[in-house]
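Engineer: One structure coming up, written as structure tokens, with questions to follow.
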Amino acid sequence: MDLVVYNTLTRRKEVFQPLAAGGSQPVSVGDSQGSAAPVAGEKPLVRMYVCGVTVYDLCHLGHARTYVVWDMVRRYLEWRGYRVRYVQNFTDVDDKILKRALERGESMQAVAERFIAEYFQDMDRLNIKRADLYPRATQSLQAMFQLIQSLELKGFAYRVRDPIRHQIDPSSFRQAGHQPETPASVQYSVYYSVRKFPDYGQLSGRKLEEMEAGASGRVGEEGADKQDPFDFALWKAAPPSEPGFASPWGWGRPGWHIECSAMVRETLGDHIDIHAGGADLIFPHHENELAQSEPITGKPMAKYWMHNGFLNINGEKMSKSLGNFTTLRQALAIYHPMALRLFLLQTHYRSPIDLTEAAMQAASRGWETLQKGIHCAQQFCKGEKGSPEAEAMQAFQAAMDDDFGTPGALAVAFELAKELTREHNLFTHQGQTHLEPQALRQKSAALLEILATLGFCWPEVIGYEEIHLAAGSAFKVETVQTQIEAEQIEELIAQRSAARKAKNFSEADRIRDQLKALGITLIDQKDGTTRWLRE
RNA sequence: GGUGGCGUAGCCAAGUGGUAAGGCAGAGGUCUGCAAAACCUCUAUGCGCCAGUUCGAAUCUGGCCGCCACCUCCA
């Protein structure tokens, strides 16, 4: 069975075949016993680049969706037997960072560093795996220079002599510790000439002619020195009083798109497997990246361009002006991180997703359902870790192979979780289960593997106490340290039973409440006896 | 204006030619002194609307209506 992915470039689903298809074929369920993965050295490599954040503020819910989605894709590729080299950049030089630095009287670097740390704090809570590499724009300047020079040489870029001008009051930068540079005699901005690249627009499916109508009247002062309104800056000259970098074109700062072109090339090479990001990046960001890279390398920049849909809030686009801008941190103060992850993965990654209070509550309950299943699964498969049930894993793979169909994959997980919970309850309440221990272990292993592959995490069970099934096979049940001993519980239950027999229900309920407060739940059974369990 | 996408139960959401997955919420029931927990059952003759193709369509075609995104910084 093939993994199929939707490629923005071709606007259709394609069979996924990595460029470096060396070594063995990816493993699929049934190829080998259990979940055995191929030997590490034989795994085909997948080179994946995801556009990261501009670090001038806390992450918002849209970022959460994007990075959860690509984390899921990465994990699934790994589960599928690929070795994924995952690179995600930080844009740490940008006008918005500059503005923030100015407001706070800090250096651009200090602002960037702080929000990078905040980024990791948020993403860790969502259980997003760290990238193999986090290149930063400020550390990739040489690669950018090289690329811009190549573009100039090949005639894709042109220089515009820049008058030294001060856009921002220089004194504010001095306060922030910036030492003005000695002005160069001449400095230039460098622009990319879109007309020179015949394929411009191939990724976003646009033609320059079609866009002109919409763009006319929107080109402001920024584009005053451009030859064409769609040309974009590769290098922007800046007054020496402003933060910037020395370059072959004098003092200035890089254009936004060039950094990714340079970093992709520097970290993963000229032709990578997957280039991913939010749908809003298709145009102009990715279109421009592609236009900058391909004429120089002579190779397609990426084999698969993938984009995730947007997150809306109450049906509206999230934006600061609408007042519905929600930071991840605010959301995580209310909802469990895994409930948010569940919410995000219950929608296909390319569809828009609408976050509402009701939807998040449903997801929170859904996570509770999964958690119960996980808890039961942990107990069922502790000890002998069996292979995951083939039927469930095949259903999971079928859903995921179709362009990462997480909603269908989650349906499999929910069915397993509910079944395991039911079986576990049958056991705790009646002392027996419908299914054989072997089947329970396989289903448990399947549930845990599916959820782990989708990037969910849960606490490991700390201690176990052996319990026995009617079938004679042992399971281990979690025990929690409580201050009450079993004998005391039994004694209180006996007291309560006596009270119940005497129809003294208020006393019986008092004892039940007392135990409840200690985390002990009583279950009155048909035969008159009372079971108890610790929470 | 251009481009792309979407419209499936109260809500979320799969399904892309073979007779509507799953979750959340809800209803009824079993059990109980009351509970708790659990278990069982039920909840779209219908997939925006109208035509067409087909033995058969939520799925394909055409038209219409509605919603959204992108075209400007944006995940």
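Engineer: Out of the residues in the range A:42-51 meeting the condition of being more than 7 Å from RNA strand B (Cβ to nearest atom) and not hydroxyl-bearing (Ser, Thr, Tyr), tell me which one is farthest from residue A:103 (Cα to Cα).
Structural biologist: A:42
Engineer: Let me ask something else. Condition test on residue A:201, is it modelled with pLDDT under 95 and under 30 Å from the mean Cα position of the chain (by Cα)?
Structural biologist: yes
Engineer: Across the range A:396-413, what is the number of residues that are surrounded by 17 or more Cβ atoms within 10 Å (Cβ to Cβ), assigned to a helix (DSSP H, G or I) and not aliphatic (A, V, I, L, M)? Steps first, answer last, please.
Structural biologist: Initial filter on the range A:396-413 (surrounded by 17 or more Cβ atoms within 10 Å (Cβ to Cβ)): A:396-397, A:399-406, A:409-410, A:412-413.
Still in the running and assigned to a helix (DSSP H, G or I): A:396-397, A:399-401, A:406, A:409-410, A:412-413.
After this cut, where a residue has to be not aliphatic (A, V, I, L, M) as well, the list is A:396-397, A:401, A:406.
Residues that pass the stated criteria total 4.
Engineer: Continuing with the same structure: When the range A:63-81 is examined, which residues are found to be over 13 Å from the mean Cα position of the chain (by Cα) and either near RNA strand B (Cβ under 10 Å from one of its atoms) or closer than 22 Å to residue A:341 by Cβ (or both)?
Structural biologist: A:77, A:78, A:79, A:80
Engineer: If you scan the range A:362-377, which residues turn out to be crowded, with 17+ Cβ neighbours inside 10 Å and under 30 Å from residue A:3 (Cα atoms)?
Structural biologist: Within the range A:362-377, A:363, A:366, A:367, A:370, A:371, A:373, A:374, A:377 qualify.
Engineer: Do we find that residue A:146 is touching a helix residue (DSSP H, G or I) at 6+ places or on another chain (Cβ under 8 Å), in contact (Cβ under 8 Å) with a residue 60 or more places away in the chain and part of a helix (DSSP H, G or I) in this structure?
Structural biologist: Against the criterion (touching a helix residue (DSSP H, G or I) at 6+ places or on another chain (Cβ under 8 Å), in contact (Cβ under 8 Å) with a residue 60 or more places away in the chain and part of a helix (DSSP H, G or I)), residue A:146 qualifies.
Engineer: Return the pairs, sorted by first residue and then second, in which the second residue is assigned to a strand (DSSP E or B) and hydroxyl-bearing (Ser, Thr, Tyr), the first residue lies in the range A:503-522 and is more than 6 Å from RNA strand B (Cβ to nearest atom), the beta carbons are less than 8 Å apart, and the residues are 6+ apart or on different chains.
Structural biologist: If the second residue must be assigned to a strand (DSSP E or B) and hydroxyl-bearing (Ser, Thr, Tyr), the pairs left are A:515/A:521.
Engineer: A further question on this structure: Taking into account only those residues within the range A:343-361 that are surrounded by fewer than 15 Cβ atoms within 10 Å (Cβ to Cβ) and farther than 17 Å from residue A:69 by Cβ, which is farthest from RNA strand B (Cβ to nearest atom)?
Structural biologist: Ranking the qualifying residues of the range A:343-361, first place goes to A:357.
Engineer: Go through the range A:383-395 and give me each residue that's surrounded by 15 or more Cβ atoms within 10 Å (Cβ to Cβ), assigned to a helix (DSSP H, G or I) and free of Cβ contacts under 8 Å to residues at least 60 places away in the same chain.
Structural biologist: A:392, A:395
Engineer: Right, another one. When you check residue A:299 against the structure, is it charged (D, E, K, R), in contact with a strand residue (DSSP E or B) (Cβ under 9 Å, 6 or more places away or on another chain), at pLDDT 90 or above and not assigned by TED's automatic domain parsing to the domain that holds residue A:370, yes or no?
Structural biologist: no
Engineer: Can residue A:319 be described as within 11 Å of RNA strand B (Cβ to nearest atom) and assigned to a loop (DSSP other than H, G, I, E, B)?
Structural biologist: yes
Engineer: Go through the range A:362-381 and give me each residue that's polar (S, T, N, Q), within 11 Å of RNA strand B (Cβ to nearest atom) and over 13 Å from residue A:456 (Cα atoms).
Structural biologist: A:364, A:369
Engineer: Also, quick follow-up: Only residues that are more than 11 Å from RNA strand B (Cβ to nearest atom) and either small (Gly, Ala, Ser) or in contact with a Gly (Cβ under 6 Å, 6 or more places away or on another chain) (or both): list them for the range A:299-316, please.
Structural biologist: Of everything in the range A:299-316, just one residue is more than 11 Å from RNA strand B (Cβ to nearest atom) and either small (Gly, Ala, Ser) or in contact with a Gly (Cβ under 6 Å, 6 or more places away or on another chain) (or both), namely A:302.
Engineer: Considering only residues that are more than 17 Å from residue A:131 (Cα to Cα), out of contact with any strand residue (DSSP E or B) (no Cβ under 6 Å at 6 or more places or on another chain) and outside any helix (DSSP H, G or I), which ones fall in the range A:72-120?
Structural biologist: A:80, A:81, A:105, A:106, A:107
Engineer: If a residue must be within 7 Å of RNA strand B (Cβ to nearest atom) and either at pLDDT below 90 or farther than 12 Å from residue A:392 by Cα (or both), how many such residues does the range A:411-427 contain?
Structural biologist: The total comes to 5.
Engineer: Looking at (1) surrounded by 18 or more Cβ atoms within 10 Å (Cβ to Cβ); (2) farther than 29 Å from residue A:345 by Cα, find the lone condition where residue A:122 falls short.
Structural biologist: Result: residue A:122 passes all but (2).
Engineer: Continuing with the same structure: Can you confirm whether the range A:429-443 contains a residue that is modelled with pLDDT of 90 or more and more than 30 Å from residue A:526 (Cα to Cα)?
Structural biologist: yes
Engineer: May I pose another question? Which residue pairs have Cβ atoms closer than 7 Å, lie 6 or more positions apart in sequence or on different chains, and pair a first residue in the range A:425-450 that is free of Cβ contacts under 8 Å to residues at least 60 places away in the same chain with a second residue that is part of a helix (DSSP H, G or I) and surrounded by fewer than 17 Cβ atoms within 10 Å (Cβ to Cβ)?
Structural biologist: So the pair list comes out as A:432/A:426; A:433/A:426; A:434/A:426.
Engineer: Report, by residue number, each residue of the range A:288-342 that is under 20 Å from the mean Cα position of the chain (by Cα) and exposed (fewer than 15 other Cβ atoms within 10 Å of the Cβ).
Structural biologist: Those that are under 20 Å from the mean Cα position of the chain (by Cα) and exposed (fewer than 15 other Cβ atoms within 10 Å of the Cβ): A:317, A:329, A:330, A:333, A:334.
Engineer: Take residue A:434 and tell me if it is over 27 Å from residue A:74 (Cβ atoms), buried (at least 18 other Cβ atoms within 10 Å of the Cβ) and either within 9 Å of RNA strand B (Cβ to nearest atom) or among the aromatic types (Phe, Trp, Tyr) (or both).
Structural biologist: no
Engineer: Being surrounded by fewer than 22 Cβ atoms within 10 Å (Cβ to Cβ), within 17 Å of residue A:177 (Cβ to Cβ) and either within 16 Å of RNA strand B (Cβ to nearest atom) or touching a residue at least 60 places away in the same chain (Cβ under 8 Å) (or both) narrows it down to one of A:141, A:102, so name that one. Please lay out each step first, then the result.
Structural biologist: On the way: A:141 fails: within 17 Å of residue A:177 (Cβ to Cβ).
Every option except A:102 fails the conditions.
The values are calculated or read from the model by the stated rules, or taken from the named source; none is laboratory data. Everything numeric in this text was worked out from a predicted model, so none of it was measured. When we count neighbours, we look across all protein chains shown, and the Cβ atoms used for this are built from the backbone with ideal geometry, even at glycine.
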